[in-house]
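The structure appears below as structure tokens.
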Amino acid sequence: MQEKFSHVSYHAFMHMKRSDHEHGPPIVPVVFHLEDPAGLTSTKQEQWDLMGGVGEHVLEVAMDHGINIEHACGGVCACSTCHIYVVKGMEHLSPATEAEEDRVEEAPGLQRNSRLSCQCEIISNGLIEIRVPSWNRNAVKEIPH
Ligand code: FES
């Protein structure tokens, strides 16, 4: 019984990234700039002006609006496929943990404003601008499932 339950939870988690936890109303502006809009959204729209809630992760905001940032590990800081650049508003995001810092170093194209989008939680209200690099779509292919 116990075993079955954990399997179900794990399975659900790997397909998550919708509102799987409580967060505030969508009052925080989050602007996404996509280097490869076609690959991430099947549209040509490069700039997406979205709203997120305090307590929500950048990855969730993107996924909830159809921006399919790769998240091979399901958002548990165990890959680096959800790598993004924070162009503005780093102060409105939770600071990187040591685990995130170690992990993000594996991402191609590492910059000083590199973060893992599944680990960036919105902590206060103010403009946040994110750039999603074009190789985001390719990185996952190198990760065995
Ligand atoms: S989805 Fe794997 S680290 Fe963010």
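The values are calculated or read from the model by the stated rules, or taken from the named source; none is laboratory data. In this text, all values refer to a predicted model and were calculated from it rather than measured experimentally. For neighbour counting, all protein chains shown are included, and Cβ atoms are generated from backbone atoms with ideal geometry for every residue, glycine included. Just the protein is used for accessible areas: all its heavy atoms, side chains included, with ligands, DNA and RNA removed. Shrake-Rupley method; radii C 1.70, N 1.55, O 1.52, S 1.80 Å.
Largest first, what is the accessible-area ranking of L50, L110 with a 1.4 Å probe? If you can, show how the numbers build up before the last one.
Numbers: L50 20, L110 90 Å².
The ordering from most to least exposed comes out as L110, L50.
How far is it, in nm, from the label point at N125 to the one at E46 when both lie 7 Å from their Cα along the line to the Cβ?
For N125 paired with E46, the spin-label model returns 3.1 nm.
Quickly work out the M90-to-W135 label distance, labels modelled 7 Å from Cα along the C-beta direction, and quote it in nm with one decimal.
Result for the modelled spin labels: 2.1 nm.
Can you list residues from other chains, or at least 5 along the same chain, whose modelled amide H is less than 5 Å from the amide H of V31?
Here the answer is L50, I128, E129, I130, since their amide H atoms fall under 5 Å of that of V31.
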